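Asks: Okay, here's the structure, questions in a sec.
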Amino acid sequence: MAFTVFPDRLSRLPHHPVASRPRRAALTMAIGLSTLAALTVGVDLLEAQAAPTHGVRPRRLAIRGAIVVEGNGTPAEGPKDIIVEGNRIAQIVSLDPAAIRNGTAQRPPADVEIDASGKYVVPGLINLHGHVQDSRAGQAQPLDYQFKLWLGMGITTVRDVSSETPKTLQLRARSLAGEVHAPRFYVYARYAYMPVPRNAVEARQRVRDLKAQGVDGLKLFGMDRDVYGPVLDEAKKQGLGVAQHMAVDETNALDAAAHGLTSLEHWYGVPDAAIPDGVQNFPSNFNYADEGMRFRLAGRLWREADPERLQEVLKAMVKGGVAWNPTLDIYEASRDLQRAETQPWYADYLHPALEKFFRPDPSNHGSYFANWSSTDEAFWKENYRIWFGAVRDFERLGGVVGVGEDAGFIYQVYGFGLIRELELHQEAGFPTLKALQHATANNARILGQQENLGRVRPGYLADLVVLNGNPLEDLKVFYPPRADAAAGPGGGVAWTIKDGIPYDAQRLLREVRELVSTAKRGSAR
Ligand SMILES: [Zn+2]
């Protein structure tokens, strides 16, 4: 759990919090000059000693001496001072470590500062597949629980792909106004609410109705072919993005490619399109509505895809501009149930409502693990191997890979799920630099926000994560630090900055632990 810094990198890092010393020297010099201008600079520098106030946006914030991972796949670089003015990154100054040591470094002034020497700064993570949930298994679960977990692990943006749309639209506005401590939201509303549109005319009307509600995009589940083209065409006309959870259905990834779907969620629809007979070899008693059976057979789906056809499907997706958000984390229980059931975070961070929802029960979506066998896990492990390869091939062919967690289902807890997803991208064979790019610059591009979000770059929105460790060496630095870890405590997010508002991440996580422990006492009564 502890983070590691490569020895060669360590030697290039400033070991001590040197930032305050040269400033004092500069201050003395400024007062010595005793001109009005110099005094102004001096006052700025003096004020720069102050640490940020949790949850309050300063006028001008400096993050000092950080190693920066920009988010676009370029290597880490630093030390740098990042200056945030209001809610935007105003300036990034590269520093000469020798000049920092001897006090001659030019440091831009600020009102408050974060000493990030020895720390890493990455763009705020974007969760491309979230669900705002205020209850689980019929039990209330406070929104604060989700929001603090997300912010506490560096997630500053969530694309909500189906929740209670009117409520989430309000949340989006309140988050943007800084009235609620939460990530920024993009609302992709469920298209197929009742009554489900029956033809192309009704389908187009539904898209326009949703647009009129003010949503950012649509969330589709399995679709029929006759309405699929019209929905995607109308969405394009209305300027809406479209995320689709494909089902084993009439349409598959080739339809998505032909009509320019924004992002394919999960993975159904990709191997299906590469099965020579056009349909998986289901047993005769297969019933798609039986989740236990559905997920069991899903574990035998990738092996039925013809490898050559699969490459053609991936190429078609790339050509059609379809991004892929595989949400590898949300199926992981299928390949290793015991791991899923015994995650070390549960003791402190699992809300009793969510705990109840995770218990095997056919009435809770995804809680299908009654009678899960070693045979099921073996098939699912093979399923993952082929799936990993396909995601990797997809990117190599020019495709855009995104990152989303889909937490709140199948043993995934908000925030933890997204970091686990990054780990699984690494396991799939992507370098950590790429995994981080998937969650930042790529996700921003999928949202159509590539000029505002997903990079540590002047002019971009100030959504930043200050990390107590090197995420390129260990993605686990995003998780809460564990005092019980054999390697000792370490890592964790120091500060999450969303829209220029700094949050003490460990304070947020402490508040989550308190909230969970109070809720447990409540449900024990
Ligand atoms: Zn979902």
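Asks: When only residues in the range 451-484 that are over 18 Å from Glu421 (Cα atoms) and of a type in the set (Val, Ile, Thr) count, which is surrounded by the most Cβ atoms within 10 Å (Cβ to Cβ)?
Replies: Within the range 451-484, the match that is surrounded by the most Cβ atoms within 10 Å (Cβ to Cβ) is Val456.
Asks: If we keep just the residues of the range 286-301 that are more than 16 Å from the ligand (Cβ to nearest atom) and either outside any loop (DSSP other than H, G, I, E, B) or aromatic (Phe, Trp, Tyr) (or both), which is farthest from the chain's Cα centre (by Cα)?
Replies: Across the range 286-301, the extreme among qualifying residues is Phe286.
Asks: Hey, Gly417 hits all of (1) more than 16 Å from the ligand (Cβ to nearest atom); (2) part of a helix (DSSP H, G or I) but one; which does it fall short on?
Replies: Only one criterion in (1) more than 16 Å from the ligand (Cβ to nearest atom); (2) part of a helix (DSSP H, G or I) is unmet by Gly417, namely (1).
Asks: If you scan the range 158-202, which residues turn out to be among the β-branched types (Val, Ile, Thr) and within 16 Å of the ligand (Cβ to nearest atom)?
Replies: If the condition is that a residue be among the β-branched types (Val, Ile, Thr) and within 16 Å of the ligand (Cβ to nearest atom), then Val158, Val161, Thr165, Thr168, Val187 are the ones that fit.
Asks: Within the set of pairs 6 or more residues apart or between chains, which connect a residue that is assigned to a loop (DSSP other than H, G, I, E, B) inside the range 265-283 to a residue that is of a type in the set (D, E, K, R) and surrounded by 21 or more Cβ atoms within 10 Å (Cβ to Cβ) with Cβ atoms less than 9 Å apart?
Replies: Filtered contacts from the range 265-283: His266/Asp406; Gly269/Asp255; Gly278/Asp272; Val279/Asp272; Gln280/Asp272.
Asks: When you go through Glu304, Glu308, Glu341, Glu332 one by one, which is the residue that is within 16 Å of the ligand (Cβ to nearest atom) and of a type outside the set (Gly, Ala, Ser)?
Replies: Result of the check over Glu304, Glu308, Glu341, Glu332: Glu332.
Asks: Taking Glu291 and the conditions (1) at negative phi; (2) touching a residue at least 24 places away in the same chain (Cβ under 8 Å); (3) in contact with a helix residue (DSSP H, G or I) (Cβ under 8 Å, 6 or more places away or on another chain), which numbered condition does it fall short on, given that it satisfies the others?
Replies: Exception for Glu291: condition (3).
Asks: Which residue is surrounded by the most Cβ atoms within 10 Å (Cβ to Cβ), if the candidates are limited to the range 495-525 and must be polar (S, T, N, Q) and not in a strand (DSSP E or B)?
Replies: This residue is Gln506.
Asks: Write out, first by first residue and then by second, each pair whose Cβ atoms fall under 8 Å of each other, whose residues are 6+ apart or on separate chains, and whose first residue, in the range 326-350, is touching a residue at least 24 places away in the same chain (Cβ under 8 Å) and assigned to a helix (DSSP H, G or I) while the second is within 16 Å of the ligand (Cβ to nearest atom) and basic (Lys, Arg).
Replies: Asp329/Arg420; Glu332/Arg420
Asks: Can you pull out every residue in the range 253-291 that is charged (D, E, K, R) and within 15 Å of Arg303 (Cβ to Cβ)?
Replies: If the condition is that a residue be charged (D, E, K, R) and within 15 Å of Arg303 (Cβ to Cβ), then Asp272, Asp277 are the ones that fit.
Asks: For the range 375-385, indicate whether the set of residues that are touching a Pro at 6+ places or on another chain (Cβ under 7 Å) and modelled with pLDDT of 95 or more is non-empty.
Replies: No, because not a single residue in the range 375-385 is touching a Pro at 6+ places or on another chain (Cβ under 7 Å) and modelled with pLDDT of 95 or more.
Asks: State all residues of the range 210-226 that are in contact (Cβ under 8 Å) with a residue 24 or more places away in the chain and more than 17 Å from Leu254 (Cβ to Cβ); if no residue qualifies, say none.
Replies: Leu210, Lys211, Gln213, Gly214, Val215, Asp216, Gly217, Leu218, Lys219, Phe221
Asks: Here are Gln437, Gln426: which of them is within 30 Å of Val400 (Cβ to Cβ) and surrounded by fewer than 20 Cβ atoms within 10 Å (Cβ to Cβ)?
Replies: Going through Gln437, Gln426 in turn, just one is within 30 Å of Val400 (Cβ to Cβ) and surrounded by fewer than 20 Cβ atoms within 10 Å (Cβ to Cβ): Gln426.
Asks: Looking at the range 227-251, I want the residues that are in contact (Cβ under 8 Å) with a residue 60 or more places away in the chain and surrounded by 24 or more Cβ atoms within 10 Å (Cβ to Cβ) and have a partner that is part of a strand (DSSP E or B) and not acidic (Asp, Glu) with Cβ atoms under 6 Å, at least 6 apart or on another chain. Which pairs are those?
Replies: Short answer, once both residue conditions are applied: Ala243/Val161; Ala243/Tyr188; Ala243/Lys219; Ala243/Ser263.
Asks: With respect to Glu421, is the statement that it is touching a residue at least 12 places away in the same chain (Cβ under 8 Å), farther than 24 Å from Arg296 by Cα, among the charged types (D, E, K, R) and buried (at least 19 other Cβ atoms within 10 Å of the Cβ) true?
Replies: no
The values are calculated or read from the model by the stated rules, or taken from the named source; none is laboratory data. None of these values were measured; they are calculated from a predicted model. Don't worry about glycine lacking a Cβ; one is built from the backbone with ideal geometry, like all the others, and counts go over all protein chains shown.
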